[in-house]
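What follows is a single structure, written as structure tokens, with notes after it.
The values are calculated or read from the model by the stated rules, or taken from the named source; none is laboratory data. From a predicted model like this one, the values you see are computed outputs, not experimental measurements. As a convention, Cβ positions derive from the backbone with ideal geometry for all residues, glycine included, and neighbour counts pool all protein chains shown. Each accessible area value is taken on the protein alone, full model and side chains, heavy atoms only, with ligands, DNA and RNA left out. Shrake-Rupley method; radii C 1.70, N 1.55, O 1.52, S 1.80 Å.
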Amino acid sequence: MPEHPVIPTSTYRLQFNRLFTFRDAEGVVSYLDALGIGAIYASPFFQARADSMHGYDICNHNRLNPAVGSREDFDALSRELRERGLGLVADFVPNHMGIGETLNGWWMDVLENGPSSEFAPYFDINWMPLKHELRGKVLLPILGDQYGRVLEQGDLKIRYADGAFTLHYFDNIFPIAPRSYRRILTAAIDRIEDRYAAEDFVAELRSVVTAIQYLPRRDQIEPDRISERAREKEVVKRRLSRLCEEIPQVREAVEQTLFGLAGRVGEPRSFDELDLLIEEQAYRLSYWKTAAEEINYRRFFDINDLAAIRVEAPEVFDAVHQLTFELMRQRQITGLRIDHVDGLLDPRDYLEKLQERYREMFMLSEGENELYLLVEKILMEDEHLRPDWPVHGTTGYEFANDLIRVLVDPAAAKSFTATYAKFIDENFRLTELIYEQKQKVMRLSLASEINVLSSKLDRLSEKNRWFRDFTLNSLTTAVREVIACFPVYRTYLMRNQETSDVDRQVIARAVRAAVRRNPGMERSIFDFLRDILLMKFPPNITEAERELHIDFVLKFQQCTGPIMAKGLEDTAFYIYNRLVALNEVGGEPQQFGASPAEYHEAIGARAALYPHTMLATSTHDTKRSEDTRARLAAISERPLEWRKGLARWRTANRRHKRDIDGEAAPDGNEEYLLYQTLLGTWPTGGLASEPGYAARIQEYMTKAIKEAKVNSSWIQPNEEWDEAVRSFIAAIL
């Protein structure tokens, strides 16, 4: 039997998608072997959207992605790897699933059956949100306009196929609840009853409607009623399918009913019946801009079609790992890289379960971490990977940033800071910028998460006579302020566990900073929140109140990471452009360079704790390739030339700017970023050697400006500004 764990000497990342398949990978194994690679580091290869280029929008964890290849193709790749002694480290996504298509059977079942779906507990859905109209429903912010306008434009259609009715909005398809079928089928009976009253098929259709009426309701969530509903609704569909296939009159009556239900554009009242039918569903279609404030399922950051799953639940853990464990048992997967570990409710417990299952699989005695296990974890400042996590390390963000820092000349820090401030006519403080951007994220794209946390905290304050006078508004402000001051992505407090000194210090630091920023607020509000976050339970607390307290802390911890990521990586890093080689995932651009001694100290400390951690100079999350970053780092060795170059370029290119409402587009900060981008990516053979270069730079700058959210954004695009920047780039190139 092979030794455990199987630790590769080195890995080579392969990005699987429809353009690079298992067969393509099989063809390069011999080359990787000749390079001395110890294992393929594979991107997610379980079923995702057919056109997914990254694979993180997994729809089914227990099926290989058909766009990447068949099981036979994967087995052939595995044999080639095994014959050459190479392993396979798989990128696994336990936090969320793609829900943008009908491929996700669990999600479609939830939309069809609501809280009574057997898969409702699999997803992190708040079935009792603050908005009463959303109780028992999932908000789906997918419409391109207000619901009423979309409805009366005739963009929502009900269709029938194979015994089931579905709602269509362009390429989006949603199931219709079986109990709503009676509204359609009763109207269909009315159409044929006079002509065919004596026919058996009319009686059968009435019988189907009767069966529908006896289906358990969505609010009946007892296990036996859920099972009954799941079983009987399928019986209804089979009976209806058989009737429509065998009796043309029934199929025609159904189609005519749907045609009448569709409404007529220009006659608003003709859409009333369709509106009533849609209102009966376990979901509520809404304008996509409502997601920020009202969405009631946890997402991956603010991406609406990536819904979080509750992998901490034993049945969910078992369900999502079936195929992965099978492939591990057959030695086709020899290691795992866990994506977005901070999104999990209890990362340590999840990682321990993986190691435990692996030991059971190979009948290994409990001891070292037998499964080669890595986590995607961003460590801030002096933060370290938690020592009680049973892992071999991270995926290399720290090493990549250590390496770029040692290539940046620390002696140039003052010169670069002065040059940057003069060019953009502003002096950014990164810590202040991060605080501001996190606040913006909490008020815009992730406002619903803050609203949920605040309402939970309000319930806790109401149960204590010392704190019940705190208003919801003041508690909401306190939550926002503490999260905005959080120095790391998250803490890791768990029920029935002692709070670690590290977590205690993080929370205390964040609360102290929030208090300093808000001298006009009642100090006791922050003290109350601090004690809640530290799980300091008041005396005589009931078990129900204790659970509310724990639930708040766990949800709070799951919120701080996405807010930090959106505020820092996805916003501040596109605004603070002093030297963008340092603006990488896990980077700290305020630290301008490092000495060789500091570099070796960091590497040595990591080697002592995690000798088998992954070292990476670039990752699939990297904002700029390693060669671009190396060029940009070299600028730090020529600060005077950089300053003079900026002055020349600004003077030469000023005439290509466009005035928009009194502002020159691009602004100074965008122009400063552009010049770095050009230096970092300039074709070695000149512009003539790469005809598409200008278009690539235009595309990148459009993205960067929208991510910065200063002059344009994805939610509120400023097309005039975006076009002015594109024109500027075209002109100067």
Report summary line: With criteria (1) touching a residue at least 40 places away in the same chain (Cβ under 8 Å); (2) open to solvent by 30 Å² or more (accessible area, probe 1.4 Å); (3) of a type in the set (Ser, Thr, Tyr), residue 334 comes up short on (2)
Requested in this report: Search segment 360-374 for residues being open to solvent by 40 Å² or more (accessible area, probe 1.4 Å) and charged (D, E, K, R), and hand back the single one that is farthest from residue 90 (Cα to Cα).
Outcome: 366
Query raised in the report: Does residue 406 satisfy the condition of being β-branched (Val, Ile, Thr) and at pLDDT 95 or above?
Result: yes
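For every residue, the table says whether it meets (1) in contact (Cβ under 8 Å) with a residue 12 or more places away in the chain; (2) part of a helix (DSSP H, G or I).
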| residue | (1), (2) |
| --- | --- |
| 606 | yes, yes |
| 630 | yes, yes |
| 646 | yes, yes |
| 650 | yes, yes |
| 664 | no, no |
| 699 | no, yes |
Report task. Scan segment 15-58 for residues that are part of a strand (DSSP E or B) and surrounded by fewer than 18 Cβ atoms within 10 Å (Cβ to Cβ) and jot them down. Result -> 20
**Report entry** Near pairs, Cβ below 8 angstrom, 6+ apart or cross-chain, from segment 129-151 (on the phi > 0 side of the Ramachandran plot) to any residue that is open to solvent by 20 Å² or more (accessible area, probe 1.4 Å) and among the acidic types (Asp, Glu)
**Finding:** 136/219
Report summary line: Pairs returned, first residue in segment 43-70 that is of a type in the set (Asp, Glu), second residue that is outside any loop (DSSP other than H, G, I, E, B), beta-carbon separation under 8 angstrom, 6 or more apart or interchain, are 57/48; 57/97; 57/98; 57/305; 57/306
Query - Candidates 386, 357, filtered to the one that is open to solvent by 20 Å² or more (accessible area, probe 1.4 Å), assigned to a loop (DSSP other than H, G, I, E, B) and basic (Lys, Arg) - result: 386
Query raised in the report: Does residue 373 meet the test of being assigned to a loop (DSSP other than H, G, I, E, B) and touching a strand residue (DSSP E or B) at 6+ places or on another chain (Cβ under 9 Å)?
Result: no
Report summary line: Those residues of segment 110-126 that are open to solvent by less than 50 Å² (accessible area, probe 1.4 Å) and either without any contact (Cβ under 8 Å) to a residue 40 or more places away in the chain or more than 11 Å from residue 282 (Cβ to Cβ) (or both) come to a total of 4
Report task. Mind listing just one residue for me: the one in segment 417-464 that is without any contact (Cβ under 8 Å) to a residue 40 or more places away in the chain and open to solvent by less than 30 Å² (accessible area, probe 1.4 Å) and, of those, farthest from residue 566 (Cα to Cα)? Result -> 421
Query raised in the report: Within the group 586, 645, which residue is open to solvent by less than 30 Å² (accessible area, probe 1.4 Å), in contact with a Leu (Cβ under 9 Å, 6 or more places away or on another chain) and at pLDDT below 95?
Result: 586
